[in-house]
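Every number in this text was worked out from the coordinates using simple rules, so none of it is lab data. Because the structure is a prediction, the values reported are computed rather than measured. Ideal geometry is used to build each Cβ from the backbone, glycine not excepted, and the neighbour counts take in all protein chains shown.
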Amino acid sequence: MAASRKVIITCAVTGAIHTPSMSPHLPVTPDEIIDDALAAAEAGAAILHLHARNPETGRPDQTPEAFGRFLSRIKQQTNAAINITTGGSPFMKVEERVQPAAIYKPEVASLNMGSINFGLYHLLDRYKEFKFEWEREFLESTRDLVFRNSFKDIEYILQTCYGNDTRFEFECYDIAHLYNLKHFLDRGLVKPPLFVQSVFGILGGIGTHPEDVMHMKRIADRLFGDQYRWSVLGAGSSQMKIAAQAAAMGGNVRVGLEDSLWIGPGKLAASNAEQVRQVRGILENLGFSIATPDEAREILSLKGADKTAF
């Protein structure tokens, strides 16, 4: 592996996991999402992974109208590639989750590659007071939550976005999800280069031990060979450790307040850009170069920002 290899940094700006009471720095309103996304791109993120939220309550909002409040404004001010979630929130049905990607035809959309138990209820041990009542109820209800991504659901998203030339960030929370992706590759429903995002540290998915990271990479190598580009995200305190390990193994990285609210032990990140700057420093100290948005487009065979519908 050449030290000059270009590493793609993705920044997941707000997500649907953390609630407003967990950090005053979590972007909620359209203006906050725009400002944080643009700052993350300026810091070195080539791809911006976006969710929307209700600006009054901070609750996840997967309506196309919610995304419309910031998509074009971000695109007008940065060259970064925009990635629209089709994961939405684990409580949403697939028909609701896919709508923004179907309408706005982004360069990239996330696609969860299998169903898992998705536990966040353990966070109630840390957070005792909430600004909004929905937050406590949301966390507690994950004790009995299965994040549904059946083969039918995955096919539905693929078929809905077939004609848009949107590429996918295939989110794999466990080894079985890699095999699910191989199934769709064998059927010709997805095409290389596959952008495989390995997710570590969600309760219900694979853990964060270095052996877990290595195991994910070994299986992906065996299944996909040179047909994929690997990226990782580590939840919570494992974010930077996993990023450093994966980069050294040939991977790309994802950071952002969707995945972790922290910048160090006991210290909240003040912004997404702070995490991007930190991981960029780690990567550059390891001898890697940071991919520009256009370099990321070339690596992942993206269609270009001019071919989106926003």
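Things worth noting here:
- Cβ crowding within 10 Å, taken as a proxy for footprinting-reagent exposure, orders VAL146, VAL94 from fewest neighbours to most as VAL146, VAL94.
- Set of lysines near LYS241 by C-alpha distance (under 17 Å), chain-local residues within fewer than 8 positions excluded: LYS217, LYS267
- Neighbour-count order for THR57, THR10, fewest beta carbons within 10 angstrom listed first: THR57, THR10
- Length released on extending from TYR162 to HIS122, taking residue separation times 0.36 nm less the Cα-Cα span: 10.6 nm
- Under-5 Å amide H pairs with ASP61, H placed in peptide plane, nonlocal only: ALA52, ARG53, ASN54
- Of interest is the spacing of the C-alpha centroids, which for region 272-310 and region 2-69 amounts to 15 Å.
- Those lysines that a straight Cα-Cα span of less than 22 Å connects to LYS303, excepting residues fewer than 8 apart in one chain: LYS6, LYS75, LYS105, LYS191
- Region 70-136 versus region 205-231: alpha-carbon centroid distance in Å: 23 Å
- Given +1 at the Cβ of Lys and Arg, -1 at the Cβ of Asp and Glu and no other charges, the dipole of region 6-307 around its Cα centre is 500 debye to the nearest 20.
- Amide H within-cut-off set for TYR228, under 5 Å, with H built and near neighbours excluded: LEU194
- When peptides 119-130, 255-266, 167-178 are sorted by average Cβ neighbour count within 10 Å, with the highest value leading, the order is 167-178, 255-266, 119-130.
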